[in-house]
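The values are calculated or read from the model by the stated rules, or taken from the named source; none is laboratory data. Because the structure is a prediction, the values reported are computed rather than measured. No Cβ is skipped: glycine too gets one built from the backbone with ideal geometry, and neighbour counts run over all protein chains shown.
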Amino acid sequence: MVSHPSAAVAASRAAPATPAASPTGDPWLLTPGPITTSPGVKQAMLHDYGSRDSRFIAVNRRMRERLVAIAGGEGTHVCVPLQGSGTFVVEAMLGNFVPAGGKLLILVNGAYGKRMARICDYYGREYSVQETPEDVPNDPDALDRALAAEPAISHVAVVHCETTSGILNPLEAVAEVTARHGRALLIDAMSAFGAIPLDARAIRFDAAVASSNKCLEGSPGMGFCIARPEALAAAQGNSPSLALDLHDQWQAMERNGQWRFTPPTHCILAFDQALDEFEAEGGVAGRGGRYRENCRILVEGMRALGFQTLLPDALQAPIIVTFHTPGDASFVFETFYDGLSARGYVIYPGKLTVAESFRIGCIGRLGPDEMRGALAAIEATLKDMGVTNCAPVAA
């Protein structure tokens, strides 16, 4: 136990020291997913349901309705769940909603926008890319010019929160420009859905995808698409994949409430519990508020230790924060990572091309105590490494 709070902990409004590991003995996951889940979510997976069990069908129906409600899409949108990680449902979105004769404009400022381009390469979909640096938001004015100049573009794809850097892209402005030009908007909301508002009543989109993990704090294993039924109907026959055919999955679930292929039953039961906890916390406002406080504590504490954030506060989403790697010769990321892991905290390496960096997440079943505990672990690990200067190498 630390008897005198460090500069980092003091800067983050210190609280009593916290245990190094979670109640289960697992490390705290300060990553963009998988994330630390609650005891209730873990407990919910201890049951075996048949995929055609009436109780399980009721869970599916309730899940779909709740997800549409989170997006403000009651009466205008439907939910289609799909097995697999988030990338599965991103791929399904692109393969279903962009027809073979269409053209996609992808707004790119990180790895996940680039991944959408790779998906289009696999599927043979025509696309163009509008790219900004990883620390610069998507540019709605440039989008406006591109759509005016290229009538062949039928769809625009955007990543709401790009976790390569942690940047929040200007979704509302992108949606306004896209709608004004009469094009369809596809949203990768993977790292934002449930913590940052996405309101179908305020912005027009054909489809938005996210997953059971991340801000909704379920277990990994399922993605979902919130879509306009008119756009889904028009997507019939577009999918290059049977397993990822969202129109076919939607029609099957509308008929009998069942999945076409074996569903991830335990993941769905956990997700049902996670949605209960999400609603009890106050929905998007409550969940996002906790994450913003986590982010504040983390950023203030890391800056007190001498670290520099990649992004200014105005561009930082409260999901994951990128820090410049210290220039101190004693800092080796692998040693830093291992030291934190030994103390019960798991972080993420950097994914940037613009700078050497690492990332620390603010999401999952974490609160102020866990964030302050992570700061104390970071300070202790740096001391063990002999790192005395956390500033990056001067440009």
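Quick notes on this one:
- Some residue of the stretch 12-19 being over 30 Å from Ser241 (Cβ atoms), surrounded by 20 or more Cβ atoms within 10 Å (Cβ to Cβ) and modelled with pLDDT under 95: yes
- Inspection of the stretch 236-245 finds a residue satisfying the criterion of being surrounded by fewer than 20 Cβ atoms within 10 Å (Cβ to Cβ), among the aliphatic types (A, V, I, L, M) and in contact with a strand residue (DSSP E or B) (Cβ under 9 Å, 6 or more places away or on another chain).
- Residue within the stretch 247-260 that is crowded, with 17+ Cβ neighbours inside 10 Å and either without any contact (Cβ under 8 Å) to a residue 24 or more places away in the chain or part of a loop (DSSP other than H, G, I, E, B) (or both) present: yes
- Only one of the numbered conditions (1) more than 12 Å from the chain's Cα centre (by Cα); (2) crowded, with 21+ Cβ neighbours inside 10 Å is violated by Leu216, and that is (1).
- Selection of first residues in the stretch 116-143 that are closer than 19 Å to Ala208 by Cβ and of second residues that are surrounded by 20 or more Cβ atoms within 10 Å (Cβ to Cβ) and of a type in the set (Lys, Arg), restricted to Cβ pairs under 9 Å at least 6 apart or on distinct chains, gives the following pairs, ordered by first then second residue: Ile119/Arg125.
- Residue match in the stretch 324-345 (condition: under 20 Å from His160 (Cα atoms), outside the structural domain of Asn138 (by TED's automatic domain parsing), in contact with a Ser or Thr (Cβ under 8 Å, 6 or more places away or on another chain) and in a strand (DSSP E or B)): no
- Scanning the stretch 31-47 for residues that are more than 10 Å from Lys214 (Cα to Cα) and either surrounded by fewer than 21 Cβ atoms within 10 Å (Cβ to Cβ) or within 14 Å of the chain's Cα centre (by Cα) (or both) yields a count of 8.
- Boolean, Gly182 is out of contact with any strand residue (DSSP E or B) (no Cβ under 9 Å at 6 or more places or on another chain) and more than 28 Å from Asn213 (Cα to Cα): yes
- Yes/no for Pro197 being of a type outside the set (A, V, I, L, M), within 20 Å of the chain's Cα centre (by Cα) and surrounded by fewer than 24 Cβ atoms within 10 Å (Cβ to Cβ): yes
- The condition (being crowded, with 18+ Cβ neighbours inside 10 Å and either assigned by TED's automatic domain parsing to the domain that holds Leu242 or modelled with pLDDT under 95 (or both)) is satisfied by just one residue among Val136, Val89, Val129: Val89.
- The residue pairs whose first member lies in the stretch 346-362 and is under 16 Å from Gln316 (Cβ atoms) and at pLDDT below 90, whose second member is of a type in the set (A, V, I, L, M, F, W, C) and in a loop (DSSP other than H, G, I, E, B), and whose beta carbons are closer than 9 Å, counting only pairs six or more residues apart or on different chains, are Gly350/Leu310; Leu352/Leu310; Val354/Leu310; Ala355/Leu310.
- The set of residues from the stretch 49-73 being in a helix (DSSP H, G or I), polar (S, T, N, Q) and more than 19 Å from Glu277 (Cβ to Cβ) comprises just one member, Ser54.
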